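First comes the structure, then the notes that go with it.
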Number of protein chains: 2
Amino acid sequence: MIEDKNQQRTSLGNLGEFGLIEHLTHDITTSNVGTLKGIGDDAAVLDFKDKKVVVSTDLLVEGVHFDLAYMPLKHLGYKAVVVNVSDIYAMNAVPTQITVSIAVSNRFPVEALDELYDGIKLAAKIYGVDIVGGDTTSSQKGMILSITAIGEADADAIAYRNGAGSTDLLVVTGDVGAAYMGLQVLERERQVFQVNPQNQPDLDAYSYLIERQLKPEARRDIKEILKALDVKPTAMIDVSDGLSSEIIHIAKQSGVGCNLYEEKIPVDPQLINVCEEFNLDITTVAINGGEDYELLFTIKMEDFEKIKGNPNFTIIGHMTQESEGIHLITRANTKIPLKSRGWNALQNESEE
Amino acid sequence: MIEDKNQQRTSLGNLGEFGLIEHLTHDITTSNVGTLKGIGDDAAVLDFKDKKVVVSTDLLVEGVHFDLAYMPLKHLGYKAVVVNVSDIYAMNAVPTQITVSIAVSNRFPVEALDELYDGIKLAAKIYGVDIVGGDTTSSQKGMILSITAIGEADADAIAYRNGAGSTDLLVVTGDVGAAYMGLQVLERERQVFQVNPQNQPDLDAYSYLIERQLKPEARRDIKEILKALDVKPTAMIDVSDGLSSEIIHIAKQSGVGCNLYEEKIPVDPQLINVCEEFNLDITTVAINGGEDYELLFTIKMEDFEKIKGNPNFTIIGHMTQESEGIHLITRANTKIPLKSRGWNALQNESEE
């Protein structure tokens with residue numbers, strides 16, 4: 001047999017649109033009873049009976065939201081799903097279906113899309129969502145991913161951003177800031193690699209941070225834990241843009257103020273070590289970092305005893321009257337107004 | 001007052017992400033009773049009670065699906081919505097909500113996005129859908145639009161692609177091929193303009209074709225018309241990739257064959273004239289053109305009398321046993337196998 005050196009690179013053009021969709025989706029099955037029709041028609045058909053339907057969508061652009069230099073395609077596919085189902089969990093709802101649209105330039109062979117889809121399919125399996133539709137097309141430059149997540153909830157369980165009361169406690173799951181520092185470590189390693197490609201980096205000391213960046217998980221467990229504790233969040237949001245930014249969303253939309261206590265903010269020991277190494281302030285990283293995909297929520301004060309000491313939760317502050325503003329209370333007991341750093345890629349982008 | 005010559009160009013960076021979203025969406029209200037929560041939370045919340053939920057999504061990429069040289073932004077926004085709600089109508093369902101995600105490079109000022117959103121909001125109003133969410137971000141190059149449409153239907157009304165029987169009649173609404181020829185006219189005018197910018201084109205003879213390309217409409221009327229006639233389509237699809245391609249989808253998914261009669265294919269008189277002018281075969285354009293957003297469906301033979309003579313519908317053929325294949329029967333009564341031209345942008349794109 002003649003060996004084909006390019007056998008691992010199948011050009012997208014060889015398959016054509018319909019061939020590519022068939023190639024990528026032929027092994028996708030559905031498992032939710034509410035998924036009446038998935039891929040293969042003009043639209044998916046879903047049945048929610050008497051549940052409310054929850055819908056969220058995200059657009060991820062290469063060079064803006066991800067860098068394929070350190071984000072393996074399988075991880076990217078996985079993360080794209082996680083980011084979306086996280087928004088559904090942030091409504092105190094359960095994701096049930098996703099649609100996946102992808103635009104890619106011809107520089108990607110079919111095998112690259114297979115890698116990406118492997119990650120998407122793995123995440124769909126782990127989070128129990130059916131892939132029910134999408135669109136596959138070409139781009140002029142780079143890769144663009146658009147995922148829409150659909151979920152369900154009982155009407156009285158849904159937690160909006162605007163329900164926080166002025167005496168509510170502010171709670172966050174897990175720890176924050178690690179995903180951001182993971183990105184800093186990866187960026188540094190890339191620069192080292194560019195100078196010396198022979199260098200074999202030892203990343204053990206950063207494993208947690210890198211995993212939080214490359215393979216984040218959404219908090220699918222929280223809804224059930226809160227239900228078992230008989231706690232209903234009065235407001236909830238997921239930590240994607242950064243703790244600070246999310247607190248401001250809840251406070252402003254609820255018409256209340258907030259005091260966030262620096263000493264209470266949960267961070268991983270690795271974060272502390274690496275912040276020292278990078279000469280960065282831990283709290284600045286923890287409140288502005290983003291991409292943690294933890295859940296931030298408020299609860300009524302009388303629920304304090306139910307949450308207290310639970311390893312899944314940290315009470316990091318309390319809401320106040322709106323007139324008191326939104327502040328970080330430092331370890332030195334000074335009050336600093338919280339700022340929304342948000343996402344500033346539009347500002348950083350240079351003119352074409 | 002000092003006149004600001006740049007007052008019509010507000011840079012995206014000036015607003016930032018949250019400012020831009022607020023700017024674009026502050027006047028969006030919802031009108032469907034099933035829209036419990038629209039823009040402004042992690043996800044939208046929708047109530048479909050005992051209806052089935054129908055979901056479809058499309059990704060539109062500048063330079064692949066649209067060319068801003070002849071597509072005004074307002075029209076682009078309008079068309080992007082139409083393309084999506086058309087998929088919902090193609091399920092014999094009613095669209096109720098959309099999400100809108102946009103990625104743009106910095107070359108677009110805020111006013112350009114306003115134009116785009118004006119078209120999106122106009123279409124949303126005309127088609128009665130609520131804009132309930134989305135994402136606004138930056139791209140490295142050009143504009144990318146991702147729209148997801150959500151609709152509702154009674155379970156027994158939904159028309160899938162795979163329900164056609166082997167003796168069913170094949171029906172199309174309106175006429176086909178015009179949108180494709182509209183694009184050819186616009187492309188020619190652009191080339192003329194590049195040679196002689198002073199040239200004032202007279203496009204009256206092409207008005208219908210150009211409108212079909214720049215401002216297509218989805219067939220929101222068909223569901224009610226069919227219901228009034230007591231006709232339930234056995235299979236249905238919208239004509240986006242071209243009549244030929246859509247017939248093959250229905251036939252293959254239904255496990256049947258098809259005879260399409262050339263003499264029956266409905267075309268507009270303008271199409272006939274312009275095909276002569278461009279020296280193109282009318283039937284080739286009509287069956288491969290695409291972007292017509294008409295509905296193609298099959299009905300049981302016994303419904304023939306209900307449809308016959310109705311100006312909304314043309315019976316263009318009939319289904320057959322699968323073994324007979326899928327053919328065009330020409331005016332000269334020869335049988336030609338139908339081919340799926342589909343969408344070949346991936347093949348046409350050059351390597352980066």
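The values are calculated or read from the model by the stated rules, or taken from the named source; none is laboratory data. No experiment lies behind these values; they were computed from the predicted model shown. FYI the Cβ positions are ideal-geometry reconstructions off the backbone, even for glycines, and counts take in every protein chain you see. The protein model used for the area step is the full one, side chains on, heavy atoms only, and it has no ligands, DNA or RNA in it. Shrake-Rupley method; radii C 1.70, N 1.55, O 1.52, S 1.80 Å.
Miscellaneous remarks
- Accessible heavy-atom area order of A:F48, B:F304, highest first, probe of 1.4 Å: B:F304, A:F48
- Taken residue by residue and averaged, Cβ atoms of other chains lying within 10 Å of the Cβ of B:126-137 number 3.
- Taking every protein chain into account, the 1.4 Å probe leaves B:K232 with about 100 Å² of accessible area, to the nearest ten.
- Under 12 Å from the Cα of A:K52 - aspartates and glutamates, other chains or at least 8 residues apart: A:E152, A:D154, A:D156, B:D47, B:D50
- Using alpha-carbon coordinates, inclination of helix B:110-126 to the longest axis of chain B, degrees: 40
- Heavy-atom accessible area buried between chains B and A is around 6300 Å² (1.4 Å probe, both sides summed).
- Chain A: calculated mean residue ellipticity at 222 nm from DSSP helix runs of at least 4, using -39500 (n - 2.57): -10000 deg cm²/dmol
- Accessible surface of A:D241, taken over heavy atoms with a 1.4 Å probe and every protein chain present, rounds to 40 Å².
- Antiparallel bridges, percent of DSSP beta bridges restricted to the range A:185-339 (to nearest 5): 75
- Contact order for chain B, expressed relative to its length and based on alpha carbon pairs under 8 Å spaced 6+ residues apart, stands at 21 percent.
- DSSP beta bridges fully contained in the protein assembly as shown are about 80 percent antiparallel.
- Listed by chain and number, the lysines placed with their C-alpha closer than 25 angstrom to that of B:K252 are A:K37, B:K223, B:K232, B:K264, B:K300, B:K335, B:K339; residues fewer than eight positions away on the same chain are left out.
- Other copies of A:N312: label-to-label distances in nm, shortest first, labels 7 Å along the beta-carbon direction: 5.2
- Note that the range A:64-74 has calculated 3J(HN,Hα) couplings of 10, 9, 8, 10, 5, 5, 10, 10, x, 4, 5 Hz, one per residue in order, obtained from phi through the Karplus relation 6.51 cos²θ - 1.76 cosθ + 1.60 (θ = phi - 60°); glycine and proline are x.
- Residues whose amide H falls under 5 Å from that of B:F48, counting only those 5 or more places apart or on a different chain, are A:V53, with hydrogens built in the peptide plane.
- Surface composition of chain A: carbon plus sulfur atoms contribute 49% of the solvent-accessible area (1.4 Å probe, protein chains only, all chains present).
- Residues along the range A:92-113 losing 50 Å² or more of accessible surface when the other protein chains are present rather than the chain by itself (probe 1.4 Å): A:N106
- Under a 5 Å amide H cut-off, with hydrogens placed 1.01 Å from N, B:R107 pairs with A:E352 among residues at least 5 apart or on other chains.
- For the range B:17-30, backbone phi angles converted through the Karplus equation (6.51, -1.76, 1.60; θ = phi - 60°) give residue-by-residue couplings of 4, 5, x, 5, 4, 4, 4, 7, 10, 5, 9, 7, 10, 10 Hz, Gly and Pro being listed as x.
- Distant-in-sequence amide H partners of A:L328 (H built 1.01 Å from N, under 5 Å): A:L260, A:I336, A:L338
- Evaluating 6.51 cos²θ - 1.76 cosθ + 1.60 at θ = phi - 60° for every residue in the range B:238-244, the Karplus couplings come out as 9, 8, 10, 8, x, 3, 4 Hz, glycine and proline recorded as x.
- Beta bridges per DSSP, both residues in the range B:57-147: antiparallel share near 50 percent.
- Per residue value of the accessible surface for the range B:115-247 (all protein chains in place, 1.4 Å probe), Å²: 38
- Peptide A:246-252 shows a mean partner chain C-beta count of 1 within 10 Å per residue C-beta.
- Residues along the range A:220-240 losing 10 Å² or more of accessible surface when the other protein chains are present rather than the chain by itself (probe 1.4 Å): none
- Kirkwood-Stokes translational diffusion coefficient of the range B:169-340, alpha-carbon pairs, 4 °C, 1.567 mPa s, µm²/s: 76
- Residues A:T137, B:T10 ordered from highest to lowest accessible area at a 1.4 Å probe: B:T10, A:T137.
- Cα gyration tensor shape for chain A, rounded if a/c is under 1.5, else prolate or oblate: oblate
- Residue among B:E62, B:E152, B:E302 with the largest mean-square fluctuation in a Gaussian network model of chain B, springs linking Cα atoms under 10 Å: B:E302
- Per-residue mean of C-beta atoms belonging to partner chains within 10 Å, peptide A:57-66: 6
- In degrees, nearest ten, helix A:269-278 long axis to first principal axis of chain A (Cα): 80
- Sorting B:170-181, A:71-82 by average packing, meaning the other beta carbons within 10 Å per residue, from highest down gives B:170-181, A:71-82.
- Take every pair of alpha-carbon atoms less than 8 Å apart whose residues are at least six positions apart; their mean separation over the length of the range B:169-340 yields a relative contact order of 41 percent.
- With contacts taken as Cα pairs under 8 Å and at least 6 residues apart, the range B:53-113 reaches a relative contact order of 38 percent.
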